Ligand SMILES: Cc1ncc(C[n+]2csc(CCOP(=O)(O)OP(=O)(O)O)c2C)c(N)n1
Ligand SMILES: [Mg+2]
């Protein structure tokens, strides 16, 4: 099953490489990984999406917790949560394609953020499925370049991940 | 406040940490530190002949005393030479701090002379590693390193020290922190009361209980509690290779150790049990055999300080995270006050069954009228040392024979590389033990393959007068490899012979020690006695043993715990 694990990490050199090293060392899989500082400058927040049986996920969270620099973590998929990913796409856009693409972008609530005579650059945010859905809708033939940020997530409601 | 250079602060920190010995080897990046070491006499430095040996010495010291060992090496090759030793300690959760010189911080990343990314190289085999970024941090970094190494599930910690952190004429205020606090590291101090209660209820209701103890009992200094609980309940107990000595081997409730080369009765009792109380062990593959066939009727209570050890390979029914001594203490109290008592009838039927298993095999081997059997060498050593020796072992058949036939009644006396299985561990580990227990009998049981992996340390033994007794069970082969080739590769002995062995007697003498060769069975006891009588001499005993011997019992690959070879021809 796919999981989103969110981690508060000491904002120190080498901490990230320990997390990444753990995944490769123990043969766990990483689908996406994002990391950035938080409002508390001593902490980074890292989000990793991974897949595995319940047993593997349990080991992943335990092994992560064992890393000295991991302060706290939560498996967001255990409760209701919001998940977002940002995507920038360059699409070939000429002639009648331009109107068609514009319509699809609107349906997906995206924005055209840059335009040339033959190319649209589109920004889209949402969960990973929505982003996949957009690429499917416009068809891979016209796609020139895709860049995705990887997943970030946060729990719904009152629950917070903090120290 | 005192003003000290980084190098002096480092050494002062070690003094304030109460460190008696450092094992190490100097080089460019560590020279400021070595100079600071020279100008004091509280911390004693032992100069090894290879950095790997320094780590194994620190490891042997830690296993025998329970205190963290300390290593000091230079950058680059000095640091990388420690990796096998660090990995050995990591696999067996041995506390130690490895201080590594590093090129100056201004040179890092430039492929400077003797620059290696030791933080990166060591990362997968350490509990943690730390870099010094400012000289003022040194006392705190050192305190943190020992704190992390020795608490929770212990393990090795590497400290990387760029040369400019130890510059002699730059001085800083020194004070050694009494305590460190790490918001992200809080090992459990006690187990969950509800879980402990549940475990005790299950223990008392069991019909065919088994206690399975591991190295965690020794690391957690919980032998007394384990013995008390086991005796109180009257239940059978086994332990892992790493747990040897945590419960007296000569006690009647003890079934010997378990797993790949464990006793028949331990493996049978595990397989047929209905409740397993696992204390500080980790269900590793050398114990469980095929996990899907593991102990089909058993419910499992698992106590461990490391939550990640629980339900990693075998799912626990009742997980208890906590220090084993504290948890066992609580269990003892609950058993005492409980109205329930162990089921006497079920227990006596269970013991009857176990005694039948014990009688059926009971660690037998065939003796011969002429060839010396490796097992009888170990039995003789056990008798002649009254079972009181510290035995450091290398890796191979000799290791298994030593573990099987030397009956350890006390913890911290069996010193071996169980998790990594590092050939070359034995001699330096024995040296680390002897240094700290000069009056104790310290044996190094080894093979002619393993001993040659760190034989240069005979020179260190001479320098520091470390009269260990080296017992080389010379079967003229990489015996354990050869055994597997006999069993799985139709005896094609690919590269498992050691041709052109050195004359170990002359070699020992060349290093200034005594060598004794034993080739005849009738010479065995008298010559062992002769060697043991030379209290202040290192004696290298080169004992020619039966070249064809295999280690049994041996679990059948991919079978359950009860599937074993008992000799070359009997399989159950
Ligand atoms: C450093 C290292 N290399 C290889 C091995 C694989 N290995 C395990 S036992 C063994 C043979 C050991 O030979 P010896 O020391 O003579 O002991 P014996 O089995 O003959 O008693 C080997 C090569 C190992 N455990 N460690
Ligand atoms: Mg051999």
Relative intensity, log₁₀ I(q)/I(0), of segment B:471-572 from a Debye sum that treats every alpha carbon as a point, q = 0.10, 0.15 Å⁻¹: -0.41, -0.77
Two-decimal Rg/Rh across segment B:170-209, once Rg and the Kirkwood Rh are taken from alpha-carbon atoms: 1.47
Helix-derived mean residue ellipticity, 222 nm - over the protein assembly as shown, DSSP H n ≥ 4, -39500 (n - 2.57), to 500: -10000 deg cm²/dmol
Shielding of A:11-23 by partner chains, average beta-carbon count, 10 Å: 2
Computed FRET value (nearest 0.05) for residue A:31 with residue A:156, which takes r as the C-beta separation and R₀ as 30 Å: 0.85
Rounded to 10°, Cα long-axis angle of helix A:97-107 versus longest principal axis of chain A: 40 degrees
Values of log10 I(q)/I(0), in the order q = 0.21 Å⁻¹, for chain A under a Debye, Cα-only, solvent-free model: -1.24
Using a Förster distance of 41 Å, the FRET efficiency for residue A:54-residue B:486 (Cβ separation, nearest 0.05): 0.45
Using a Förster distance of 30 Å, the FRET efficiency for residue B:383-residue B:465 (Cβ separation, nearest 0.05): 0.65
Between helix A:128-138 and chain A: long-axis angle, C-alpha atoms, 0 to 90°, nearest 10: 20 degrees
Residue mean of other protein chain beta carbons inside 10 Å, A:61-70: 5
Segment B:102-217: radius of gyration and largest Cα-Cα distance (Dmax), Å: 21.5, 71
Rg over Rh [alpha-carbon atoms, Kirkwood Rh] for segment A:45-134: 1.18
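From the P(r) of segment B:374-551, could you give the percentage of C-alpha pairs in the tail past 23 Å?
So the portion of pairs separated by more than 23 Å is 34 percent.
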Helix A:15-25 axis, angle to chain A major axis (alpha carbon atoms, nearest 10°): 90 degrees
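Please state the equivalent ellipsoid semi-axes for segment A:82-151: what are the square roots of 5 times the Cα gyration tensor eigenvalues, largest first, in whole Å?
On the way: eigenvalues 79, 26, 22 Å².
Each semi-axis is the square root of five times an eigenvalue, giving 20, 11, 10 Å.
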Max mean-square fluctuation residue, GNM over chain A, Cα-Cα springs under 10 Å, options A:90, A:55, A:72: A:55
Extended-chain gain in nm, criterion 0.36 nm per residue less alpha-carbon gap, residue B:340 and residue B:182: 52.6 nm
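Sort B:213-219, B:526-532, B:298-304, B:513-519 for me by packing, meaning the mean count of neighbouring Cβ atoms within 10 Å per residue, highest on top.
On the way: B:213-219: 27.7, B:526-532: 16.7, B:298-304: 24.9, B:513-519: 19.0.
By packing density, highest mean first, the sequence is B:213-219, B:298-304, B:513-519, B:526-532.
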Cα radius of gyration and Dmax for segment B:193-361 (Å): 14.3, 41
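How would you rank B:425, A:134, A:23, going from fewest to most other Cβ atoms within 10 Å of each one's own Cβ?
Taking fewest neighbouring Cβ atoms as first place, the list is A:23, A:134, B:425.
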Equivalent-ellipsoid semi-axes of segment A:2-78, from the Cα gyration tensor, Å, largest first: 20, 13, 11
Beta bridge orientation in the protein assembly as shown: antiparallel %, DSSP, nearest 5: 45 percent
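Rounded to the nearest angstrom and ordered from largest down, what semi-axes does the equivalent ellipsoid of segment B:77-154 get from its C-alpha gyration tensor (root of 5λ)?
22, 17, 8
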Per-selection metrics, chain B (Cα): Rg and Dmax in Å: 24.5, 77
Burial ranking of peptide ranges A:97-107, B:257-267 (average Cβ count within 10 Å, highest at the top): B:257-267, A:97-107
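FYI, it's all coordinate maths here, none of it is from the lab. Small disclaimer: the values here were computed from a predicted structure and weren't measured. FYI the Cβ positions are ideal-geometry reconstructions off the backbone, even for glycines, and counts take in every protein chain you see.
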